[in-house]
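The values are calculated or read from the model by the stated rules, or taken from the named source; none is laboratory data. Please read these numbers as outputs of a predicted model, since none were measured by experiment. As a convention, Cβ positions derive from the backbone with ideal geometry for all residues, glycine included, and neighbour counts pool all protein chains shown.
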Amino acid sequence: MAVPITPITLNDLTLATLDGTGVFDVLMRANKAHLESEFLKNRIKGPEYATVYLGSMEAVLNASVQFLLQKDKNALEAELLEQQVLVAKAEVLKANAQVLQIEAQTRNLAAELLVLQAQKCKLDAEFDLLKSTNLKTAEEIALLAWKTTTEKAQTTALGVDDNSVIGKQKSLYTAQTDGFKRDAEQKAADLMTKTWMTRRTTDEGTVADSTNMLNDAAVGRAVNKLLSGVGA
């Protein structure tokens with residue numbers, strides 16, 4: 001609150017009367033009372049009274065002027081002090097607000113840290129899932145390649161190890177196929193031989209020659225082929 005400053009007038013200093021209310025008037029009455037008291041007690045002699053009176057009057061005048069000037073100065077200093085107190089209070093409020101703001105920012109940082117940690121956990125989980133998916137895909141590709149190989153192995157011998165199950169199965173099938181062929185050949189040869197023997201029994205003119213392939217040369221080749229087939 002601003003302190004009203006009233007301009008100093010001469011009346012504030014003196015009303016130019018013995019019973020005036022100015023600062024000089026009041027102080028001079030007090031000063032005169034003291035001088036008269038000292039004079040009556042013979043502490044101030046007659047010749048000295050005028051000198052002391054004039055000196056004290058000058059001192060009282062200076063003190064009165066200083067009092068009036070100091071009055072406004074004190075009021076202004078009091079107002080300045082009050083403003084400084086208000087500024088200090090405002091600074092305290094500002095500091096408190098800054099503290100609250102920092103605390104809020106700290107809480108926000110903590111919350112943001114939790115969000116970042118959650119996002120990291122999510123990314124880690126997605127990365128693990130992606131790795132698992134890639135691994136599963138690689139395994140599926142390997143399985144598909146193996147199935148492709150096994151499917152090809154059903155129709156071709158390329159890329160199939162002889163020691164593998166499919167390789168052994170194919171070898172078995174081949175051996176069985178060869179066995180069926182040899183058996184059919186043997187049965188046909190036996191049938192044809194028995195037919196020739198029957199004919200020979202009833203007809204002495206039936207001979208074993210290159211036409212019916214029952215001569216010694218043809219029989220020898222057949223025996224060699226048979227022995228080779230059984231590994232003899």
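Only one of A75, A95, A118 is modelled with pLDDT under 90 and surrounded by 10 or more Cβ atoms within 10 Å (Cβ to Cβ). Can you tell me which?
On the way: A95 fails: modelled with pLDDT under 90; A118 fails: modelled with pLDDT under 90.
Criteria check complete, one pass: A75.
The C-beta contact set for region 170-185 (first residue touching a residue at least 40 places away in the same chain (Cβ under 8 Å), second residue surrounded by 11 or more Cβ atoms within 10 Å (Cβ to Cβ), distance under 7 angstrom, 6+ apart or interchain) comprises R182/G229.
Scanning region 138-151 for residues that are at pLDDT 75 or above and of a type outside the set (A, V, I, L, M, F, W, C) yields a count of 4. For Q154, the requirement of being at pLDDT below 85 and either aromatic (F, W, Y) or within 30 Å of K225 (Cβ to Cβ) (or both) is not met.
Right, G46: closer than 30 Å to E77 by Cα, over 60 Å from the mean Cα position of the chain (by Cα) and assigned by TED's automatic domain parsing to the domain that holds D72 or not? No. Number of residues in region 34-61 that are assigned to a helix (DSSP H, G or I) and either polar (S, T, N, Q) or in contact with a Cys (Cβ under 8 Å, 6 or more places away or on another chain) (or both): the value is 3.
Between L68, L54, which is aliphatic (A, V, I, L, M), assigned by TED's automatic domain parsing to the domain that holds L35 and either free of Cβ contacts under 8 Å to residues at least 24 places away in the same chain or exposed (fewer than 12 other Cβ atoms within 10 Å of the Cβ) (or both)?
Working: L68 fails: either free of Cβ contacts under 8 Å to residues at least 24 places away in the same chain or exposed (fewer than 12 other Cβ atoms within 10 Å of the Cβ) (or both).
Just a single option satisfies the conditions, and that option is L54.
The residue that is nearest to the chain's Cα centre (by Cα), counting only those in region 169-212 that are of a type in the set (A, V, I, L, M, F, W, C) and within 30 Å of E151 (Cα to Cα), is L172.
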